[in-house]
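Student: One structure coming up, written as structure tokens, with questions to follow.
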Amino acid sequence: MQRDVGSFPLAPGLRAKLIGAGFQTAEELLEIGPCELSKEIGISKEEALETLQIVRRECHSNATRTTGEPETVKKCTALELLEQEQARGFIITFCSALDDILGGGVQLTKITEICGAPGVGKTQLCMQLAVDVQIPECFGGLAGEAVFIDTEGSFIVDRVADIATACVQHCQLIAETHQEEDFQKSLETFSLESILSHIYYFRCHDYTELLAQVYLLPDFLSEHSKVQLVIVDGIAFPFRHDLEDLSLRTRLLNGLAQQLISIANAHKLAVVLTNQMTTRIGQSQSMLVPALGESWGHAATIRLIFHWDNKQRLATLYKSPSQKESTVPFHITPNGFRDVHPPPSSQTPAEIEINPRKRPRLEGENQ
Amino acid sequence: MQQLSGRPLSETDQSLPRMLLGGSSCCGEVGDFEKVVRCGSMATKKLRRAGLSQELCDRLSRHQITTCRDFLCLSLLELMKVTGQSYQNVQKLLCKVSLACAPKMQTAYEMKMKRAINPSSAFLSTTLHGLDKALHGGVACGSLTEVTGPPGCGKTQFCLMMSVLATLPISMGGLHGAVIYIDTESAFGAERLVEIAGHRFPNYFVTEEKLFSMTRNIHLYPELTCDCVLKRIETLEEEIISKKVKLVIIDSIASVVRKEFDMKLQGNLLERSNFLARGASLLKYLAEEFSIPVILTNQITTRLNNGLDVQANIVSPADDLCLFEVSGASGSKDQELGYVTAALGNTWSHSVNTRLILQYHDLHTKQVLVAKSPVAPFAAFFYTIENSGLVLQDGKDHPDASWEGCSPILQAIRVRTSILKDGFPSATADTVKLEPPI
């Protein structure tokens, strides 16, 4: 093994001692036993044994890697990926226009970011998604569970209960018209109580708790393998007032984004983040743009911006690698997130679909 | 008036306009928003108590890393350097420290059960029936409710009314607890408080003793600077426990902020946002921890139509008239230069959970709008201010009783159009109308 000693994940002090004693490659290290090593560089026998074990383990995994069997790195061909993508489900939002522009709904293994002005409906959509991810498979859902990380305190259980009740009623209506056995069976487990029990709620009061929670998330997800949606409601709030050091903030946010991407991929779940809007002051005017800066814009794969047009709420798909930019209107009803009903005058099926308004790429909405 | 022990009653808080470098504060220390948040944060938990060995803690403190927050902010390589441990050990340490600060998990079902066991602890009824119904019970516990509107609309009256309601026993719809009232405008009137109580609940407040015990439960804190308000909020945790407080009111958060932060100076926008966000974060923690409602009052500002709303914060209400007259003189009244909306900006609107807007309707009636709420749709109700406080006008036939709301930060607010209450019913050329055409 020609691997350089300095590249092993050893403690820095230990590394310095090894290099000082003249060890340069792993091969030299593997020839020697722990007692000799401890005498030569002046460390305890236990430490020497630990060092050798680390080196041996790394070399072994290196060897398996070079023989072409991937251990931690998953590689596949584009064909396999295509099959996976086609088989993968989406989390519907109950607003068919929004689902259409998203290509079916909120995608798994991707980070979707929702930006918007206050009061426009970001948390409402998150609560709707936390319920929708649990819809049984026979109704077109994923039968998964949801993790809700709340930093702003806007999660109201009563509202989620209302949304869940409406969703259950909707499924019951479908079951009645179809009269199939498995529909009735899945309805037994799909009740208000079960929906609420499968939303795992974490309240993080500042960015330290958020960092800690995201760090522990993989372990939690291994224990709760049915989770298919992680929502962080308010990724901006804890980072906007406590941190004066902007470079630290960028670094922490990037780290967070990387961890979330790896979680989304490893556990095949969707990550949904909500962001605030901030005022950017230009020469002659001020605009509302998504908060957390330009560099954060790269973190999310898919970006939705919710905004107002007079009295109508609109959703714009601002960034997506596979769908084109478009805007659709939506409503928040007592039952949750819904379409705007098409006007009753439209008769032909082609007209029933709400025309997404195409807009050029937005730099920011002037509110 | 109650105050913290040790502070003389006659101490006046001198507040100077905040300048970018330094600023005076009431207690003689340099105003410092960098102070570590005292209440509610796991971030400042010392590493020793997170389960790390003493030796490791000593080593880390030599690098100025003493709290969980410092530890979690470092990258893996930096951690390896300062702890002198291998990669895997560092990951184990990260896990340990994270476990010490991460929040506990609850399922939504458990949260619902908790609320179901104690339904009275979920809302404080405002006794305005229509409003209560729209808000699913009243002012929500555990979240921030903002009441905003032009001067004289009834914000302080609303706060006084809620103070009385919070002290009532649970059987009457109250919270049977004390109230902390942070007053920044010296608008609190004890006599008016007693008048509201006596007229609204004549059957309950029959004896003077009952009135006195109610007033004894309302703790008033006059604060005149941002620093003082923030310090007061930081000490609230202990006060809430010792005095069994069930409602916190800040009347008004806007006046201290606008007095001190001069928007003309560079960097003040950021500092103001920081102050507001920090205050909101602390108050949210208190609201959730003790499951109590927090009511804040806000003021109004002019938002100019061509997007110059930042500059508009410089404009005081008096200047609003001048601005409008300039455009009004140019001819058409329809071409509005701007309109009046809630103050303190966009970030603050994110921080409050519920926003109620009070606005003028006509000479005698006013309107309360539910502009932002996680549980309620847009709703509007008419009310008047009487001896007993706010009274909803139920059943009155008004043409625009239905109201389609829009963005809570852009919602236009109607201000008072005539100075004289007994003035001419039709608008004359002297009166200035600032409301947008309906």
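Student: Please enumerate the residues belonging to the range B:52-77 that are within 14 Å of another protein chain (Cβ to nearest Cβ), buried (at least 17 other Cβ atoms within 10 Å of the Cβ) and assigned to a helix (DSSP H, G or I).
Tutor: Across the range B:52-77, the qualifying residues are B:CYS68, B:ARG69, B:ASP70, B:PHE71, B:LEU72.
Student: Additional query: How many residues does the range B:225-235 contain that are in contact (Cβ under 8 Å) with a residue 60 or more places away in the chain, in contact with a helix residue (DSSP H, G or I) (Cβ under 7 Å, 6 or more places away or on another chain) and of a type in the set (A, V, I, L, M, F, W, C)? Walk me through it before giving the result.
Tutor: Narrowing the range B:225-235 to residues in contact (Cβ under 8 Å) with a residue 60 or more places away in the chain: B:225-228, B:230-231, B:234-235.
When the remaining residues are screened for being in contact with a helix residue (DSSP H, G or I) (Cβ under 7 Å, 6 or more places away or on another chain), the result is B:225-226, B:230, B:234.
Among the residues that remain, those that are also of a type in the set (A, V, I, L, M, F, W, C) are: B:226, B:230.
Total satisfying the criteria: 2.
Student: Restricting to the range A:155-188, and then to whatever is modelled with pLDDT under 85 and among the polar types (S, T, N, Q), can you tell me which residue is nearest to B:SER98 (Cα to Cα)?
Tutor: Among them, the one singled out is A:SER186.
Student: Just name the residue that is surrounded by the fewest Cβ atoms within 10 Å (Cβ to Cβ) out of those in the range A:229-261 that are of a type in the set (Gly, Ala, Ser) and in a helix (DSSP H, G or I).
Tutor: Only one residue fits best here, namely A:SER247.
Student: Kindly evaluate B:ARG115 against the criterion of being more than 22 Å from A:ALA161 (Cβ to Cβ) and free of Cβ contacts under 8 Å to residues at least 60 places away in the same chain.
Tutor: Numbers: more than 22 Å from A:ALA161 (Cβ to Cβ): no; free of Cβ contacts under 8 Å to residues at least 60 places away in the same chain: yes.
Judged against the criteria, B:ARG115 is not a match.
Student: Considering the range A:101-127 alone, what residues qualify as being buried (at least 23 other Cβ atoms within 10 Å of the Cβ), over 11 Å from A:PHE90 (Cβ atoms) and in contact with a Ser or Thr (Cβ under 6 Å, 6 or more places away or on another chain)?
Tutor: Of everything in the range A:101-127, those that are buried (at least 23 other Cβ atoms within 10 Å of the Cβ), over 11 Å from A:PHE90 (Cβ atoms) and in contact with a Ser or Thr (Cβ under 6 Å, 6 or more places away or on another chain) turn out to be A:ILE114, A:ALA117, A:LYS122, A:THR123.
Student: Restrict the check to the range A:147-157 and report whether at least one residue is out of contact with any helix residue (DSSP H, G or I) (no Cβ under 7 Å at 6 or more places or on another chain) and either assigned to a helix (DSSP H, G or I) or more than 10 Å from every other protein chain (Cβ to nearest Cβ) (or both).
Tutor: For the range A:147-157, residues out of contact with any helix residue (DSSP H, G or I) (no Cβ under 7 Å at 6 or more places or on another chain) and either assigned to a helix (DSSP H, G or I) or more than 10 Å from every other protein chain (Cβ to nearest Cβ) (or both): absent.
Okay, residues lined up against (1) at pLDDT 85 or above; (2) assigned to a helix (DSSP H, G or I); (3) within 12 Å of chain B (Cβ to nearest Cβ):
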site	(1), (2), (3)
A:LEU37	no, yes, no
A:GLU47	no, yes, yes
A:HIS60	no, yes, no
A:GLU69	no, no, no
A:THR72	no, no, no
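Student: For the range A:138-177, enumerate the residues that are in contact with a Ser or Thr (Cβ under 8 Å, 6 or more places away or on another chain) and of a type in the set (Ser, Thr, Tyr).
Tutor: A:SER154
Student: Okay, moving on. Can you name every residue in the range A:199-226 that is within 7 Å of chain B (Cβ to nearest Cβ) and either under 20 Å from A:ALA161 (Cβ atoms) or in contact with a His (Cβ under 7 Å, 6 or more places away or on another chain) (or both)? Write out each step before concluding.
Tutor: The first filter runs over the range A:199-226 and keeps only residues within 7 Å of chain B (Cβ to nearest Cβ), leaving A:199-206, A:208-209, A:211-213, A:215-216.
If the condition is that a residue be within 7 Å of chain B (Cβ to nearest Cβ) and either under 20 Å from A:ALA161 (Cβ atoms) or in contact with a His (Cβ under 7 Å, 6 or more places away or on another chain) (or both), then A:ILE199, A:TYR200, A:TYR201, A:PHE202, A:ARG203 are the ones that fit.
Student: Something else now. Could you list, in sequence order, all residues of the range B:81-128 that are within 15 Å of B:SER291 (Cα to Cα), assigned to a loop (DSSP other than H, G, I, E, B) and of a type in the set (Ser, Thr, Tyr)? Please lay out each step first, then the result.
Tutor: Taking the range B:81-128 first, the residues within 15 Å of B:SER291 (Cα to Cα) are B:111-125.
Restricting the remaining residues to those that are assigned to a loop (DSSP other than H, G, I, E, B) gives B:118, B:122, B:125.
Result: B:SER125, single match.
Student: Now for a different question. Taking the range A:203-228, which residues are under 15 Å from the mean Cα position of the chain (by Cα), crowded, with 21+ Cβ neighbours inside 10 Å and assigned to a helix (DSSP H, G or I)?
Tutor: Residues satisfying the conditions are A:LEU210, A:LEU211, A:GLN213, A:VAL214, A:TYR215, A:LEU217.
Student: Does the range B:176-223 hold any residues that are assigned to a loop (DSSP other than H, G, I, E, B), out of contact with any Pro (no Cβ under 8 Å at 6 or more places or on another chain) and without any contact (Cβ under 8 Å) to a residue 40 or more places away in the chain, and which are they?
Tutor: B:GLY189, B:PHE201, B:PRO202, B:ASN203, B:TYR204, B:PHE205, B:VAL206, B:THR207
Student: Here is a follow-up. For residues that are under 17 Å from A:LEU273 (Cα atoms) and part of a strand (DSSP E or B), tally how many sit in the range A:283-336. Steps first, please.
Tutor: First pass over the range A:283-336, keeping only residues under 17 Å from A:LEU273 (Cα atoms): A:289-307, A:315-320.
Now narrow it down to the ones that are part of a strand (DSSP E or B): A:289-290, A:302-307, A:315-319.
Qualifying residue count for the region: 13.
Student: Before we move on, is B:ALA376 at pLDDT 50 or above and either of a type in the set (A, V, I, L, M, F, W, C) or closer than 24 Å to B:SER163 by Cβ (or both)? Spell out how you get there, then give the answer.
Tutor: On the way: at pLDDT 50 or above: yes; either of a type in the set (A, V, I, L, M, F, W, C) or closer than 24 Å to B:SER163 by Cβ (or both): yes.
Yes; evaluated as a whole, the condition is true for this residue.
Student: Okay, next question. Here is a list: A:CYS138, A:CYS115, A:CYS126. Which entry is assigned to a helix (DSSP H, G or I) and either under 16 Å from A:ILE231 (Cβ atoms) or not assigned by the TED database to the domain that holds A:VAL271 (or both)? If you could, list the steps in order and put the result at the bottom.
Tutor: Details: A:CYS138 fails: either under 16 Å from A:ILE231 (Cβ atoms) or not assigned by the TED database to the domain that holds A:VAL271 (or both); A:CYS115 fails: assigned to a helix (DSSP H, G or I).
That would be A:CYS126, the only listed residue that is assigned to a helix (DSSP H, G or I) and either under 16 Å from A:ILE231 (Cβ atoms) or not assigned by the TED database to the domain that holds A:VAL271 (or both).
The values are calculated or read from the model by the stated rules, or taken from the named source; none is laboratory data. Owing to the predicted nature of the structure, the values given are computational and were not obtained by experimental measurement. Glycine also receives a Cβ, built like all others from the backbone with ideal geometry; neighbour counts cover every protein chain displayed.
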